[in-house]
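S.K.: There's a structure below that I have some questions on.
The values are calculated or read from the model by the stated rules, or taken from the named source; none is laboratory data. Here the structure is a predicted model, which is why all the values come from computation and not from measurement. Here Cβ is always computed from backbone atoms with ideal geometry, including for glycine, and neighbour counts include all displayed protein chains.
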Amino acid sequence: MKPPPFTYHAPGSLGEALDVLAGTGEDGKVLAGGQSLIPLLNMRLAAPAHLVDINRLAGLAAVEVEPGGVRVGALARHARVERSEPVAAAQPLLRQALRLVAHPVIRNRGTVVGSLVHADPAAELPAVLALLGGSVRLARRGGTRDVPAGEFFTGPLESAAGPGELAVSAFFPALPPRSGTAFREVARRHGDYALAGIAALVGLDEDLRITAARVACVSAGPVPVLADVTGVCGHRPPASADWAAAARAVQDRAEPEDDIHATAAYRRHLIGVLAERALRDAAREALNA
Amino acid sequence: MTTKLFGEPVQRREDPRLLTGRGRYLDDLGPDALAAAFVRSPHAHALIRDIDVSAALDVDGLVAIYTWEDLPDRLAEPLPLLIPHPALTHGRTAYPLARERVRHVGEPVVMVVARDRYLAEDACALIRVDYELLKPVVGVEEAAQSAQLVHDDVPGNVGAHLVQEVASADGRGAREVIESAPHTLAFRLDVERSASMPLEGRGVHARWDADDSSLRVYSSTQTSTSVRMAVAAKLGLPLPKVEVVAPDVGGGFGVKIMHPWPEEVLVPWAAMLLGREVKWTEDRREHFVSSAHERAQVQFVRVGFDGGGRVLGLEVTILHDHGAYTPYGIIVPIITSTQLPGPYRIGSYRVEFSSIYTNTVQVTPYRGAGRPQAVFCMERTMDRIAAHLGLDRTAVRAANFIQPDEFPYDQGLIFQDGRPLIYDSGDYPESLRMLKELIGWDAFPEAKAEAAREGRRIGIGIGCYVEGTGVGPYEGGHVQITSDGRVHVSTGLTSQGQGHETSFAQIAAAELGVPLERVSVVTGDTRRFGYAVGTFASRAAVMSGNAIALACRKVREKALRIAADALEADPRDLEITDGVVHVAGSPHASVPLATVAVLSNPLRYAFDEEAVRATQFAGGSSFDRPPVEEGQEPGLEGRDYYSPIRSTFASGMHAAIVETDPLTAEIRILRYAVVHDCGNLINPMIVEGQIHGGVAQGVGGALYERMVYDSHGQLLNASFMDFLMPYATEVPRVETAHLQTPSPLNPLGIKGAGEAGVIPVSAVIASAIEDAEGIPIDRMPISPSDLFGLRRAAS
Ligand SMILES: Cc1cc2nc3c(=O)[nH]c(=O)nc-3n(C[C@H](O)[C@H](O)[C@H](O)COP(=O)(O)OP(=O)(O)OC[C@H]3O[C@@H](n4cnc5c(N)ncnc54)[C@H](O)[C@@H]3O)c2cc1C
């Protein structure tokens, strides 16, 4: 459990980092919090020839609440985003999700953007970005592009961030008025990746009738699985919506698989149970908003 | 301060050191040593056709590469079979490095030594081993039926087969009794693989002193004395030229009583060859695939009983999966089969086990060592009887208990120490009474009904066990009081964090009448004590504790005799308080133990002021007698051994209340209660700590841990990401009550406590889930996904 040899780069500026990444191309990997990458290196499951450590790029640590949402810099740790009151006020789903990400010590080092780039289908934050319709800003030498969530997650542990690119920030749209969110999951142990998890968002109109009901499922497919169940809920007040039917519709969208921790049938069942619970919670939040 | 220390909840003296990073574990030693790493088999079953090391030779910092062909003499032979048994007709052990064939993923094939571990692993990655794949044998039932053999000369993959039978009072065998019993049940139980998983893996550091022709080996082991003998034998060294030291050991739980591991002989050998310090520190992946596992068994049960729930006949047939090799013999299935009757008087009992080879990691004892499986079997049986008869589960147990006036109670079986299984003492009805009170057993149905009204499912479960502890053959203790008044205690048995520095010191301080602060304890260092067996089977307190007490008594007697001379008193009138020998009732006629130590060693040369008193012109000795009297030795020290006639039997009962989520099938332990009887308590706080840790491991075995092998013999979850050990957040608060029925077998009246916590947990949790769900639970561990599957199947 020692990593194979690699060249270590510790650029002092963003420009320098992009230069190094441009120079190393396919052979380079960004090192952010290291909570996913270092185990992969130690088990020799990854063997990049170059590691580009971005931890000295203090400018990337910013967490900015803008009118439209929250922009999280590449060096912002989970813990910092989780604890931020302005962030929780602008988009409560981030804190709801981050509390379920791993353990406090891992959240102290792991980064939100790193988690998005890592694109683990069992991770919470990709589901959050997908549900909210956020985006990731990718920089390369000589250019920057914003990739919407729908195009960012391309497969299990695969994202749109290409060789030579650095994800400099992610943008999470703010919670619209009269809306609520919730995150529900079942994990084997506290802090483990979820067997199944649901991020939900419910929005109401001025008469407090449902105008939006959407979920994103964790561990339900190769990428976060989105389901819009607004239609199933009907244009009704939350108290009379058929949440069970909505949950069944979510279940139908999911493609969970068997693994050593749970059968696909159990995961599908959980997705239904959790979707109903999360949608009800989100609707309650929306009513309280 | 007084010297009433035995039985006091003294804070662990080792903790400040261990908890603030000042422990000295194996990997803290030899920072400049060369590092060893191993190429291990990626296949479960294969022939080695060729090993090509050429690409690795270019690695900068490479020092040496060894394969089996390089091993000399006795090192080229298979490793020892530590515990032979007549029933183990086909015992097989591995070579230190694989010879021609590998039999499990993780078996060491090539040893690489390099400047550091990184480079050693780089070299390992470049070594090409050409394998010819053989069909792997995986799963104990598959192995028992398979034509494919793990060892070509072991027919049917059966390493051992043993039957023990205890006839009924009227001489009938269990099968016959069951046939004619008023009620009978037959069922099957499964327990999966888990492992000790100490925080610190194995590790060896060796340094060879060529000028002195001596070898010092540090090993993260549970038996330094026996590693020493094995290393001396394998390397052909004279025993006095080999020292083995167990430094601080970060947990063992059984896996480190196995020895000598391949690395334990290979690393010292390389150190000798290379004339350099060599170290190997096991990493977690290695620990998963190349140390040892335990637990896996399939049990077939038939039981006959009467209308009161009394067991008239019990027949259990066990398939025990011992993995690819049997270096530790068949201790685990022997313990399962003999501890199965637990606290019960079984009318007649027949137990049969087959111990089976598979292409998986070998099985050696893990805390509990076969007992969790035994208790799972017996307690599931008790619950089934209760369910069948519609009786309360505790009533069925009570109907079968051995009564307090029946001790010593002979179960009629031969135990793991080769001696009759005779319970020395206990009070099972009282334990049960205490447990029912602690958990609120009788009031539970109301709570359950109340919960049901709220749409919640809760259940209560119980499990009882008897644990043979303190097995022989012996341990020793050495106690020396030096002229500064300090007391130096040593025992050859090792420590892995159990608190021996505290509890052994308490024993010595209490026996000698000295303050605890003056006592220091050394364990597991062959430089200090050469004769020992090791730490396992909840034996340290019983064995070394009693040996140390006996050694202290020798020293005390000597101290009193010398002091009596000095004080011109009768030794029978003397007492020791706070390290001072004085005439009972007259504190002024006194002499400190420090002075007694000076007087005990007649000197020619003085080295300090105290010593002057023992020199030849000081006038202390009589001209009629030699300075050291016949039959006496200089110095205030004593050595003694404790060798019990047989094991002592601790016992306990646990109960738990669990909640199962009606929708998600999540399982939560709401309460966990333990009544525990390990005889006299040396330190109740340490005993409770042992119980808490044991219960935590038990919760792992019940709800989380299993080794998932696929049909190719690949271990699919060889990391802490996927092998789920409970976190602190998964372990319930443990409520404990102690009962103390002293053991009549040893001077201190103590029984072992190290393994107790883990033993009944699977049985208890199964019992509680079954109560909550109304579905029979017959395999452990159980996950929410499993429970979901059971619900589906039942509906
Ligand atoms: C025990 C444990 C439990 C965990 N449990 C959970 C959990 O329950 N839920 C969960 O979501 N996560 C969990 N994690 C993962 C954790 O959240 C990680 O921190 C996160 O996945 C990756 O963030 P990081 O900053 O550590 O990234 P790193 O490990 O540094 O990098 C991960 C990958 O992303 C790439 N990368 C990182 N940052 C950038 C960037 N700015 N631009 C381009 N590429 C980049 C790296 O090159 C690498 O390929 C767990 C981790 C551990 C160790």
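S.K.: Only one of B:R380, B:R367 is basic (K, R), assigned to a loop (DSSP other than H, G, I, E, B) and within 22 Å of B:V140 (Cα to Cα). Can you tell me which? It would help to see each step written out before you state the result.
M.R.: Numbers: B:R380 fails: assigned to a loop (DSSP other than H, G, I, E, B).
Answer to the check: B:R367.
S.K.: Pick from the range B:155-182 the residues that are aliphatic (A, V, I, L, M) and assigned to a loop (DSSP other than H, G, I, E, B): which of them is surrounded by the most Cβ atoms within 10 Å (Cβ to Cβ)?
M.R.: Ranking the qualifying residues of the range B:155-182, first place goes to B:A181.
S.K.: Could I ask something else about it? Kindly evaluate B:T648 against the criterion of being surrounded by 19 or more Cβ atoms within 10 Å (Cβ to Cβ) and within 14 Å of chain A (Cβ to nearest Cβ).
M.R.: no
S.K.: With touching a Gly at 6+ places or on another chain (Cβ under 9 Å) and within 14 Å of chain B (Cβ to nearest Cβ) as the only criterion, which of A:L57, A:L100 stands out?
M.R.: Going through A:L57, A:L100 in turn, the sole match is A:L100.
S.K.: To continue, here is another question. Kindly provide the set of residues from the range B:332-349 that are within 13 Å of B:R310 (Cβ to Cβ) and of a type in the set (A, V, I, L, M, F, W, C), ordered by number.
M.R.: The one that is within 13 Å of B:R310 (Cβ to Cβ) and of a type in the set (A, V, I, L, M, F, W, C): B:I346.
S.K.: Quick check on my filter: what residues within the range A:255-265 are touching a residue at least 60 places away in the same chain (Cβ under 8 Å) and more than 10 Å from chain B (Cβ to nearest Cβ)?
M.R.: A:P256
S.K.: Can you tell me which residue within the range B:609-625, out of those that are part of a helix (DSSP H, G or I) and of a type in the set (D, E, K, R), is farthest from B:A594 (Cα to Cα)? Reasoning before the result, please.
M.R.: The initial filter retains those residues of the range B:609-625 that are part of a helix (DSSP H, G or I), namely B:609-612.
Filter once more, keeping what is of a type in the set (D, E, K, R): B:609-610.
Details: B:E609: 12, B:E610: 9 Å.
Result: B:E609.
S.K.: Looking at the range A:109-118, which of the residues that are near the ligand (Cβ under 7 Å from one of its atoms) and surrounded by 20 or more Cβ atoms within 10 Å (Cβ to Cβ) is farthest from the other protein chains (Cβ to nearest Cβ)?
M.R.: Here the residue is A:V113.
S.K.: Could you tell me which of the residues A:P39, A:P5 is within 14 Å of chain B (Cβ to nearest Cβ) and assigned to a loop (DSSP other than H, G, I, E, B)?
M.R.: Among A:P39, A:P5, only A:P5 is within 14 Å of chain B (Cβ to nearest Cβ) and assigned to a loop (DSSP other than H, G, I, E, B).
S.K.: Moving to a separate point now. So which residues in the range A:211-236 are crowded, with 24+ Cβ neighbours inside 10 Å and assigned to a strand (DSSP E or B), if there are any at all?
M.R.: A:A213, A:V215, A:A216, A:C217, A:V218, A:A227
S.K.: Does any residue of the range A:59-73 turn out to be within 12 Å of A:G110 (Cα to Cα), of a type outside the set (A, V, I, L, M) and in the same structural domain as A:L18 (by TED's automatic domain parsing)?
M.R.: no
S.K.: Out of the residues in the range A:42-52 that are more than 9 Å from the ligand (Cβ to nearest atom) and not in a helix (DSSP H, G or I), state the one that is farthest from the other protein chains (Cβ to nearest Cβ).
M.R.: Among those that are more than 9 Å from the ligand (Cβ to nearest atom) and not in a helix (DSSP H, G or I), it is A:H50.
S.K.: Look through B:E77, B:E69 and report the one residue that is surrounded by fewer than 17 Cβ atoms within 10 Å (Cβ to Cβ) and within 27 Å of B:G159 (Cα to Cα). Write out each step before concluding.
M.R.: Working: B:E69 fails: within 27 Å of B:G159 (Cα to Cα).
On inspection, the qualifying residue turns out to be B:E77.
S.K.: Given the structure, is B:V150 touching a helix residue (DSSP H, G or I) at 6+ places or on another chain (Cβ under 9 Å) and either part of a strand (DSSP E or B) or buried (at least 16 other Cβ atoms within 10 Å of the Cβ) (or both)? Show your work before the answer.
M.R.: Details: touching a helix residue (DSSP H, G or I) at 6+ places or on another chain (Cβ under 9 Å): yes; either part of a strand (DSSP E or B) or buried (at least 16 other Cβ atoms within 10 Å of the Cβ) (or both): yes.
Against the criterion (touching a helix residue (DSSP H, G or I) at 6+ places or on another chain (Cβ under 9 Å) and either part of a strand (DSSP E or B) or buried (at least 16 other Cβ atoms within 10 Å of the Cβ) (or both)), B:V150 qualifies.
S.K.: Oh, and also: I'd like the full set of residues that are within 6 Å of the ligand (Cβ to nearest atom) and touching a Lys or Arg at 6+ places or on another chain (Cβ under 9 Å), limited to the range A:98-108.
M.R.: Selection gives A:V101 alone.
S.K.: Here's another thing I want to ask about it. Filter the range A:8-34 down to the residues that are within 28 Å of B:D116 (Cα to Cα), surrounded by fewer than 17 Cβ atoms within 10 Å (Cβ to Cβ) and either aliphatic (A, V, I, L, M) or within 14 Å of chain B (Cβ to nearest Cβ) (or both) and list them by number.
M.R.: Within the range A:8-34, A:Y8, A:A10 qualify.
S.K.: Now for a separate question. Is there any pair with a first residue in the range A:38-54 that is farther than 15 Å from A:A17 by Cβ and assigned by TED's automatic domain parsing to the domain that holds A:T111 and a second that is more than 8 Å from the ligand (Cβ to nearest atom) and charged (D, E, K, R) whose Cβ atoms are under 6 Å apart and which are 6 or more apart or on different chains, and what are they?
M.R.: A:A49/A:D27
S.K.: Can you find even one residue in the range A:217-236 that is away from chain B (no Cβ under 14 Å) and charged (D, E, K, R)?
M.R.: We begin by selecting, within the range A:217-236, every residue away from chain B (no Cβ under 14 Å); these are A:217-218, A:220-236.
If we keep only those that are charged (D, E, K, R) too, we end up with A:228, A:236.
Yes: the range A:217-236 contains one or more residues that are away from chain B (no Cβ under 14 Å) and charged (D, E, K, R).
S.K.: Which of the residues that make up the range B:668-680 are surrounded by 24 or more Cβ atoms within 10 Å (Cβ to Cβ) and not in a strand (DSSP E or B)?
M.R.: B:C678
S.K.: Follow-up question, since we're still on this one. For residues in the range B:681-703 being within 14 Å of chain A (Cβ to nearest Cβ) and surrounded by 22 or more Cβ atoms within 10 Å (Cβ to Cβ), which is farthest from B:G752 (Cα to Cα)?
M.R.: This residue is B:L703.
S.K.: Would you mind finding the one in A:A196, A:A200 that is more than 10 Å from the ligand (Cβ to nearest atom), surrounded by 24 or more Cβ atoms within 10 Å (Cβ to Cβ) and within 14 Å of chain B (Cβ to nearest Cβ)?
M.R.: Values: A:A200 fails: within 14 Å of chain B (Cβ to nearest Cβ).
That would be A:A196, the only listed residue that is more than 10 Å from the ligand (Cβ to nearest atom), surrounded by 24 or more Cβ atoms within 10 Å (Cβ to Cβ) and within 14 Å of chain B (Cβ to nearest Cβ).
S.K.: Just to verify a result, which residue in the range A:119-147, among those that are buried (at least 19 other Cβ atoms within 10 Å of the Cβ) and within 14 Å of chain B (Cβ to nearest Cβ), is nearest to the ligand (Cβ to nearest atom)?
M.R.: A:A123
S.K.: In the range B:416-455, how many residues are under 22 Å from B:A387 (Cα atoms) and part of a loop (DSSP other than H, G, I, E, B)?
M.R.: Number satisfying all stated conditions: 4.
S.K.: Can you tell me which residue in the range A:279-288 is nearest to the other protein chains (Cβ to nearest Cβ), limited to those that are modelled with pLDDT of 95 or more and out of contact with any strand residue (DSSP E or B) (no Cβ under 6 Å at 6 or more places or on another chain)?
M.R.: In this case the residue turns out to be A:R280.
Table: residues versus (1) more than 14 Å from every other protein chain (Cβ to nearest Cβ); (2) under 26 Å from A:S159 (Cβ atoms); (3) in contact (Cβ under 8 Å) with a residue 12 or more places away in the chain.
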{"residue": "A:P177", "(1), (2), (3)": "yes, no, yes"}
{"residue": "A:G191", "(1), (2), (3)": "no, yes, yes"}
{"residue": "A:R253", "(1), (2), (3)": "yes, yes, yes"}
{"residue": "A:I271", "(1), (2), (3)": "no, yes, yes"}
{"residue": "A:R277", "(1), (2), (3)": "no, no, yes"}
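S.K.: Also, I was wondering about something else. Can you tell me which residue within the range A:53-76, out of those that are aliphatic (A, V, I, L, M) and part of a loop (DSSP other than H, G, I, E, B), is nearest to the ligand (Cβ to nearest atom)? Spell out how you get there, then give the answer.
M.R.: Going through the range A:53-76, the residues aliphatic (A, V, I, L, M) turn out to be A:54, A:57-58, A:60-63, A:65, A:70, A:72, A:74-76.
Checking the rest, the ones that are also part of a loop (DSSP other than H, G, I, E, B) come to A:54, A:57, A:62, A:74-76.
Numbers: A:I54: 6, A:L57: 9, A:A62: 13, A:A74: 4, A:L75: 8, A:A76: 10 Å.
By that ranking, first place goes to A:A74.
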